[in-house]
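What follows draws every value from the coordinates through simple rules; no lab data is involved. Every value quoted in this text rests on a predicted model; they were computed, and no experiment measured them. Cβ coordinates were reconstructed from backbone atoms using ideal geometry, including for glycine residues, and neighbour counts include every protein chain displayed.
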Amino acid sequence: MMYSGFKDCIFYLCAILLLVSASLYITGDAIVPRNVLYYVYAVSGAVIAVAYLSNPYRGDNLRLKRLNIQQAIAAILLPVSSFLMFKEKNEWFVFLLVSAFLQLYVVMIKSREEKKSKNS
């Protein structure tokens, strides 16, 4: 149980670092050099992707399985986004945006679907 709490803390820390590094990169503030932002974004995105991909759904509910696949796709888009950021392509933001929308959709629908399956 303690390990799960540690894993959650690392996940939330990386999510915050991802958000901060992306926003600093977009605004172009000179607080942190751009190459440091590349690495912070890449490591944070990789940790978040590993966290999502290491948590598969093992149940029988087809909708939850589909949502888990969508979450995995969103997780894979984060390292792709960081690769494009390294290459200084502006498309990195599109991949980040698609990943964020997929994650938001999955979180909203997954919680509702889990409540339905517990009530049944």
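How much length would be gained if the chain were fully extended between K118 and S23, taking 0.36 nm per residue of separation minus their Cα-Cα distance, in nm to one decimal?
Numbers: separation 95, 0.36 × 95 = 34.20 nm, distance 3.86 nm.
Extra length available between K118 and S23 comes to 30.3 nm.
Specify whether the C-alpha gyration tensor of the range 1-65 places it in the rounded, prolate or oblate class, a ≥ b ≥ c being the square roots of the eigenvalues: rounded for a/c under 1.5, otherwise prolate if a/b is larger than b/c and oblate if not. Prolate, since a/c reaches 1.5 and a/b exceeds b/c.
Which net charge results when you count Lys and Arg as +1 and Asp and Glu as -1 among the other residues whose beta-carbon is under 11 Å from that of A72?
Values: positive: K65, R66; negative: none.
Here the charged neighbours net out to +2.
Each other residue within a Cβ distance under 13 Å of A22 adds +1 if Lys or Arg and -1 if Asp or Glu, for a net charge of 0.
The chymotrypsin sites (Phe, Trp or Tyr not before Pro) of the range 25-113 that DSSP puts in a loop, and whose beta carbon has at most 15 other beta carbons within 10 Å, are Y57. Between the Cα long axis of helix 34-53 and the first principal axis of the chain there is an angle of about 10°, rounded to the nearest 10. Counting only the Cα atoms, the range 32-120 fills a convex hull of 85 Å³ per residue.
Which longest run of the chain has no exposed loop site in it, a site being trypsin sites (Lys or Arg not before Pro) in a DSSP loop with at most 13 other beta carbons within 10 Å, and the site itself not part of the run? Each step should come with its number before you reach the end.
Working: sites that count: R58, K87, K89.
Of all site-free stretches, the longest is 1-57.
In percent, rounded to a whole number, the relative contact order of the chain is 21, using alpha-carbon pairs under 8 Å and six or more apart. What's the angle, to the nearest 10 degrees (0 to 90), between helix 62-86's Cα axis and the longest principal axis of the chain? Helix 62-86 sits at roughly 10 degrees to that axis.
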